[in-house]
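Data block below; observations after.
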Amino acid sequence: MQILKSIWGWFDDLTGVSSWLIPLAKHPVPHARRSAWFYVLGSATLFVFILQVVTGIALASGYVASAGEAYHTLAFISSTRFGSIVRGIHAFGASAMVILIGIHAIRVYLFGAYKYPRQIGWLTGVALLFLTLGMAFTGQLLRWDQTGFWTVVIAAYQAGRTPLVGSWLGHFILAGDTAGGATLSRFFALHVFFIPAFIFFFIGFHLYLVVQNGISEPPKAGRPVEPKTYRKWYEDLLHRDGIPFWPDAAWRDMVFGFLVIAVIVGLAITIGPPALGKPPDPTIIQASPRPDWYFLWYYALLTLIPRWSESYVIILGPLLLIVVLILLPFVAYKGERSPFKRPWAFAVVAFIVFMIAYFGMLGHVAPWSPRMNAPPLPASVVGVASGPIADGAIVFHDKGCEFCHAISGYGGIRGPDLTYAGDRITPEQMETRIYSGAANMPSYNGNITRQQLSDLLAFLSSRRRGPAAALPVSSSSQ
Amino acid sequence: MNPDLIETGTAEAAPCDGSRRRFLSRLTMGLGAIAGALVAVPCVGFLLGLRKVPSAWRTVGKIEEFQIGGTVKVSFRDPSPLPWAGVTARTAAWLRRNSQTEFVAFAVDCTHLGCPVRWLAAANLFMCPCHGGVYYANGTVAAGPPPRPLPRYPVRIQGDQVQILTSPVPITT
Ligand code: FES
């Protein structure tokens, strides 16, 4: 013990570490009292980032960033016991980081902590938010299974909507004319070197600003920020009522951070990493690419907006969000911080959370995606084993109707449910619709024989409520 | 650093030192900028240099393998794939035989956002699993969000072989 002490004394004498570390650790912070637990979100995000760096390095030591090999190396990593856990931690860690940085941003917004003098702190936070989303996006892609591959292609097509430079931008994402050998290596470099370098830089700057400007005090209604007097007032507050960061505030960061990490590791062990999909072979057409949950809401949103606005929203939507987030601390740099004096702040947050949850859920169900693997309707649903109705049920499947229209719970939900079609529309109306099509339904004119049509109409007309549906005597038309 | 030393330095400076210092600080920053550019130009140049692949005719099968009126998936390799491209060097296309001599090849990429479309033989339609875009057998849009018909690859017949001309991924603004 004595030896260690003297070694430390020698080291400290030569480096002066404790002369800046101890004041830094003990610097006074506002006594947050009942709000104290709101202040642990930023540090938890940082802890998870470190977790991502550590697990990322572990994964990188088993990963080969080659379009032809990456998939196999990932399968290899997942096949080892600890490799699978590390992958799980990295995947759940990614989710945790997106969630935590999101809640942290919401907390800062609600507390008005972006106001004077902490505007630049907010801006560095915005940069970190988008960098984190960039990590989430590139990370999902490095899985380089079928979904990873098509995600690049879809991203390239989305970028392709940019006016003038779209086509170039799309091919820039692919790193060439086609998605192939050059594509993955770039995303690997982005995910492992480029974006993390910026994250390190901005975290450093962010933390420096936290120390430089001080941690914001909990807001109080009726105590607006006045830039002219704020710094002086804040100094006095610390003097009067401050507590040393270490250990009075730091222990909460550690407790919460520990819980977060324990949950992540626990999930990684019990649930494991996301399953690898099919190999990234572009000739396997059986693919239904979906983004991971962080982008599911955006994907759903893009699907649901009117079609004419698509190109604008794809490009302008994210730009607008960035502009709003950047302008916020310049427009609202003073005045009330308390959310109770800024009730619209609650409305904004509620709106954002609702959007993400609602559209995320929709994106999960994806009602707009045809269910192309829907099996032919079973006899129990059709009601008869032979005859026009049974033949019509086969036509209903083979012509792809079932992929978009559900009957008794089988099939897609893109178009209207036809379980009781016979109650709602006449065979004549059905025939017109089948021949003419609609915005989201192809016309079958010339694509269906008389016989098939009459069977199909017999089948659809037999879809009725009540006992008639179970045992139709004969087709009601034709 | 002892501030006194700097102070002394300033105090002792001859009047001409003001311009000398200005020159030295400009020199320092200028050299830094030039060094940065020397490194940045080749790096950025490398990143911006997208791989152009020359088009090439790829055989996808013998004529008699394809039924008249039928549409089947064919696949071919990129003209000059990078050695480590693995399966990603492959490309799929939908090949339709219209008549004795007439073939049409469609890209599998949906013109909406690029998902791979599937051919439903019994329905005579292409359908996209992503947002339900539908195309007729000739590639024109039948329903859903796709803004344009399916892109086509040039096809030719060489002896008894059907060949497709490879092309870049058809991203259009
Ligand atoms: S990508 Fe095909 S319909 Fe959207």
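The values are calculated or read from the model by the stated rules, or taken from the named source; none is laboratory data. Computed from a predicted structure; not experimentally measured. Using ideal geometry, Cβ is built from the backbone for each residue, glycine included, and neighbour counts are taken over all protein chains shown. Areas reflect the complete protein model, heavy atoms only, side chains present, ligands, DNA and RNA absent. Shrake-Rupley method; radii C 1.70, N 1.55, O 1.52, S 1.80 Å.
Quick one: B:PRO149 ticks every box in (1) assigned to a loop (DSSP other than H, G, I, E, B); (2) near the ligand (Cβ under 10 Å from one of its atoms); (3) more than 9 Å from chain A (Cβ to nearest Cβ) bar one, so which box is it?
(2)
For the range B:132-143, name all the residues that are within 12 Å of the ligand (Cβ to nearest atom) and either open to solvent by less than 10 Å² (accessible area, probe 1.4 Å) or of a type in the set (Val, Ile, Thr) (or both).
Within the range B:132-143, B:GLY132, B:GLY133, B:VAL134, B:TYR135, B:VAL141, B:ALA143 qualify.
What residue, of B:VAL72, B:VAL53, B:VAL117, is modelled with pLDDT of 95 or more and away from the ligand (no atom under 16 Å from the Cβ)?
B:VAL72
For the range A:60-90, name all the residues that are open to solvent by 30 Å² or more (accessible area, probe 1.4 Å), part of a helix (DSSP H, G or I) and not hydroxyl-bearing (Ser, Thr, Tyr).
Answer for the range A:60-90, where residues must be open to solvent by 30 Å² or more (accessible area, probe 1.4 Å), part of a helix (DSSP H, G or I) and not hydroxyl-bearing (Ser, Thr, Tyr): A:ALA60, A:HIS72, A:ALA75, A:PHE76, A:ARG81, A:PHE82, A:ILE85, A:VAL86, A:HIS90.
Restricting the search to the range B:81-102, which residues are within 16 Å of the ligand (Cβ to nearest atom) and either in contact with an Asp or Glu (Cβ under 8 Å, 6 or more places away or on another chain) or at the interface with chain A (Cβ under 7 Å from one of its Cβ atoms) (or both)?
Passing the criteria: only B:ALA92.
Please enumerate the residues belonging to the range A:337-369 that are open to solvent by 90 Å² or more (accessible area, probe 1.4 Å) and part of a loop (DSSP other than H, G, I, E, B).
Scanning the range A:337-369 gives A:PHE340, A:LYS341.
Can you find a residue that is of a type in the set (Asp, Glu), within 20 Å of B:TYR153 (Cβ to Cβ), more than 9 Å from chain A (Cβ to nearest Cβ) and open to solvent by 70 Å² or more (accessible area, probe 1.4 Å) anywhere in the range B:45-64?
no
Taking the residues in the range A:47-59 that are touching a residue at least 60 places away in the same chain (Cβ under 8 Å) and crowded, with 20+ Cβ neighbours inside 10 Å as candidates, determine which candidate is farthest from the other protein chains (Cβ to nearest Cβ).
A:PHE47
Which residue pairs have Cβ atoms under 6 Å apart, sit 6 or more places apart or on different chains, and have a first residue in the range A:427-444 that is away from chain B (no Cβ under 11 Å) and a second that is open to solvent by less than 50 Å² (accessible area, probe 1.4 Å) and not aliphatic (A, V, I, L, M)?
A:PRO427/A:SER461; A:PRO427/A:SER477; A:ILE434/A:TYR444; A:SER436/A:SER443
Enumerate the pairs (first residue in the range B:103-116 and more than 9 Å from chain A (Cβ to nearest Cβ); second residue anywhere and within 6 Å of the ligand (Cβ to nearest atom) and open to solvent by less than 10 Å² (accessible area, probe 1.4 Å)) with beta-carbon separation below 7 Å, excluding pairs fewer than 6 apart on the same chain, so at least 6 apart or on different chains.
none
Would you call B:LEU120 in contact with a Gly (Cβ under 6 Å, 6 or more places away or on another chain), at the interface with another protein chain (Cβ under 8 Å from one of its Cβ atoms) and more than 26 Å from A:GLY400 (Cβ to Cβ)?
No: the conditions fail for B:LEU120.
Need pairs with beta-carbon distance below 6 Å; first residue farther than 18 Å from A:LEU327 by Cα and within the range A:120-137, second at pLDDT below 95 and assigned to a helix (DSSP H, G or I); sequence gap 6+ or separate chains.
Sorted first by the residue in the range A:120-137, then by its partner, the pairs are A:ALA136/A:TYR294.
Out of (1) of a type in the set (Asp, Glu); (2) open to solvent by 60 Å² or more (accessible area, probe 1.4 Å); (3) within 20 Å of A:MET135 (Cα to Cα), what's the single condition that is false for A:ASP248?
That leaves (3) as the condition not met.
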